[in-house]
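Here the structure is laid out as structure tokens; the discussion comes afterwards.
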Amino acid sequence: MSQASPVIEAGGVTPPATVKVWDPLVRIFHWSLATLFVVAYATADEVEKVHIAVGYTIAAIVAVRVIWGFVGPQHARFSNFVRSPGVTLAYLRDIMLFRAPRYIGHNPAGGAMIVALLVLIAGSCVTGIMMTTDAYWGSKVLEEVHEVFANLTVGLVVFHVLGVLLASFEHRENLVKAMFTGRKRA
């Protein structure tokens, strides 16, 4: 006597097995940072108290994520996804040729993007915090640097979203859903 599979999709097809990839902290960090960055960017010249409060919150969660990158589970660790520039460039070439290998965790381009985004956002946080001190209050130069960090971050976010869409298409996998559920196809 055979037992029926507990999960069956429409049409009677059993879905492929999935594996846990991204832990709750990584997923909450990702979506919180995305939301908070939009709020910070939108309130930059409009609602200073909100902008500053959101900026400090971003600084705190980025600090937690950096620590988690060293002590968290396998796929959260920088050592799992940060690769050399050569490996990253080779991966970018391969993805453009639609022959890039699939990774369970972040691919080399995704790893480079995470590092770049963390650096730019940390730069925005540091310059923003500096502008609230007596030493740098009203500094136009620092304000410009802060804005450059924020605008470069927007540019990287666009490339990040395009990269996620391209990798999702190439590997026939919904990476946005995976960042919500924490699971990917095995």
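Carbon and sulfur: what percent of the chain's accessible surface (1.4 Å probe)? Don't skip to the end; give the middle numbers.
On the way: 8020 of 11480 Å².
Reported share for carbon and sulfur atoms: 70 percent.
Any chance you could give the angle, 0 to 90 degrees and rounded to 10, that helix 108-131 forms with the longest Cα principal axis of the chain?
The answer is roughly 20 degrees.
Name the trypsin sites (Lys or Arg not before Pro) in region 42-117 that are in a loop by DSSP and that have at most 13 other C-beta atoms within 10 Å, would you?
ARG99, ARG102
More than 16 angstrom separation, counting every C-alpha pair in region 9-78; what % is that?
59
Consider the candidate values [x] 37, 19, 15; [y] 26, 19, 14; [z] 31, 18, 16; state which one is semi-axes √(5λ) of the Cα gyration tensor in Å computed from the structure displayed.
[x]
Setting aside same-chain residues fewer than 8 positions from LYS177, which lysines have a Cα under 16 Å from its Cα?
Of all the lysines, those that pass the test against LYS177 - Cα under 16 Å, at least 8 places apart if same chain - are LYS20.
Relative to the longest principal axis of the chain, what angle (0 to 90°, nearest 10) does the C-alpha long axis of helix 24-43 take?
Computed tilt is about 40 degrees.
Specify the longest stretch of the chain that does not include any exposed loop site, a site being one of the chymotrypsin sites (Phe, Trp or Tyr not before Pro) with a non-H, G, I, E, B DSSP assignment and at most 11 other Cβ atoms within 10 Å. Can you show the working numbers first?
Working: sites that count: PHE98, TRP137.
So the longest stretch without any such site is 1-97.
Using the crude model of +1 on Lys and Arg Cβ and -1 on Asp and Glu Cβ, and no other charge, please compute the dipole size for the chain relative to its Cα centre, in debye to 20.
Once rounded to the nearest 20, the dipole reads 980 debye.
Mind checking the per residue accessible area of region 29-186 for me, 1.4 Å probe, whole number of Å²?
It amounts to 59 Å² per residue over region 29-186.
Put +1 on the Cβ of every Lys and Arg and -1 on every Asp and Glu Cβ in the chain; which of LEU165, THR153, CYS125 then has its Cα farthest towards the positive end of the dipole?
Farthest towards the positive end: LEU165.
Accessible surface of HIS160 in the full protein assembly, 1.4 angstrom probe, to the nearest 10 Å²?
60
The values are calculated or read from the model by the stated rules, or taken from the named source; none is laboratory data. Note that the coordinates shown come from a computational prediction; the quantities given were computed from them, not determined experimentally. Virtual Cβ from ideal backbone geometry, glycine too; neighbours counted across all protein chains shown. In case anyone asks, the SASA skips ligands and DNA or RNA and just uses the protein heavy atoms, side chains included. Shrake-Rupley method; radii C 1.70, N 1.55, O 1.52, S 1.80 Å.
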